[in-house]
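**Student:** Handing you this structure, nothing more for now.
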Amino acid sequence: HIAVSIPELQVVSALSKRFGMPAVLIEQTLEKLASWGLVEKKNSRWHWKSGDLHISKDSPLVLLHHMNWHTLASQDAAMNRADSTHYSVAQSLSQQDFEKLRYKMLEWIKHFQQVASPSKPEDLVCFTLDFFRVGVE
């Protein structure tokens, strides 16, 4: 539903080309999104209607949501595009520095939202961030 906030992606053929999916599947998906009130069709163009949605971390769907985006990130990393950024590291550090870095990431996420929310819709992007203790139950 976010894609149709971009004027160039408000027609099925453009969405089909961008996502490499059949037009019929794009149309079916848009119809479903319209039934949920997220998009609407006006004069053969699809428009973003609402939907600043976030899946709760308590939702049983959150794992699938993260897996889908990380799969796309992995596919993008394999393409080795100059304008993409991918970073992974295993690192040991102190408890104090763990908390310090976690706090800085949370602050940066707030900054990201402050910049991205009012931004003019010109391109569709994905931002993922993972920072966790390894091997902890």
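**Student:** Restricting the search to the range 32-56, which residues are open to solvent by 90 Å² or more (accessible area, probe 1.4 Å) and over 19 Å from CYS126 (Cα atoms)?
**Tutor:** Those that are open to solvent by 90 Å² or more (accessible area, probe 1.4 Å) and over 19 Å from CYS126 (Cα atoms): LYS32, TRP36, LYS41, LYS42, ASN43, LYS49.
**Student:** Right, another one. Looking only at residues that are charged (D, E, K, R) and free of Cβ contacts under 8 Å to residues at least 60 places away in the same chain in the range 88-129, which one is most open to solvent (accessible area, probe 1.4 Å)? Walk me through how you get there before you give the answer.
**Tutor:** Filtering the range 88-129 down to residues charged (D, E, K, R) leaves 97, 99-100, 102, 104, 107, 110, 120, 122-123.
Add one more test, that the residue is free of Cβ contacts under 8 Å to residues at least 60 places away in the same chain, and what stays is 97, 99-100, 102, 104, 107, 110, 120.
Values: ASP97: 61, GLU99: 86, LYS100: 105, ARG102: 108, LYS104: 125, GLU107: 72, LYS110: 110, LYS120: 145 Å².
Selected residue: LYS120.
**Student:** Would you point out the residue of the range 57-87, among those that are open to solvent by less than 70 Å² (accessible area, probe 1.4 Å) and over 15 Å from the mean Cα position of the chain (by Cα), that is nearest to LEU124 (Cα to Cα)?
**Tutor:** This residue is ALA77.
**Student:** Output the residues belonging to the range 8-20 that are open to solvent by 50 Å² or more (accessible area, probe 1.4 Å) and within 18 Å of the chain's Cα centre (by Cα). Can you show your working first?
**Tutor:** Within the range 8-20, the first condition is being open to solvent by 50 Å² or more (accessible area, probe 1.4 Å), and the residues that meet it are 8, 13, 17-20.
Within the range 8-20, ARG18, PHE19, GLY20 meet the criteria.
**Student:** In addition: Give the residue, chosen from LYS100, LYS57, LYS104, LYS42, that is at pLDDT below 90 and either in contact with a helix residue (DSSP H, G or I) (Cβ under 7 Å, 6 or more places away or on another chain) or not polar (S, T, N, Q) (or both). Walk me through how you get there before you give the answer.
**Tutor:** Working: LYS100 fails: at pLDDT below 90; LYS104 fails: at pLDDT below 90; LYS42 fails: at pLDDT below 90.
Result of the check over LYS100, LYS57, LYS104, LYS42: LYS57.
**Student:** Do we have any residue at all in the range 24-31 that's of a type outside the set (Val, Ile, Thr), part of a helix (DSSP H, G or I), surrounded by 11 or more Cβ atoms within 10 Å (Cβ to Cβ) and under 20 Å from the mean Cα position of the chain (by Cα)? Write out each step before concluding.
**Tutor:** Keep residues of the range 24-31 that are of a type outside the set (Val, Ile, Thr), which gives 25, 27-28, 30-31.
Filter once more, so that each one left must be part of a helix (DSSP H, G or I): 25, 27-28, 30-31.
Filter once more, so that each one left must be surrounded by 11 or more Cβ atoms within 10 Å (Cβ to Cβ): 25, 27-28, 30-31.
The next check asks that each one be under 20 Å from the mean Cα position of the chain (by Cα); those that pass are 25, 30.
The answer is yes, given that some residue of the range 24-31 is of a type outside the set (Val, Ile, Thr), part of a helix (DSSP H, G or I), surrounded by 11 or more Cβ atoms within 10 Å (Cβ to Cβ) and under 20 Å from the mean Cα position of the chain (by Cα).
The values are calculated or read from the model by the stated rules, or taken from the named source; none is laboratory data. From a predicted model like this one, the values you see are computed outputs, not experimental measurements. FYI the Cβ positions are ideal-geometry reconstructions off the backbone, even for glycines, and counts take in every protein chain you see. SASA here: full protein model, heavy atoms, side chains in, ligands and nucleic acids out. Shrake-Rupley method; radii C 1.70, N 1.55, O 1.52, S 1.80 Å.
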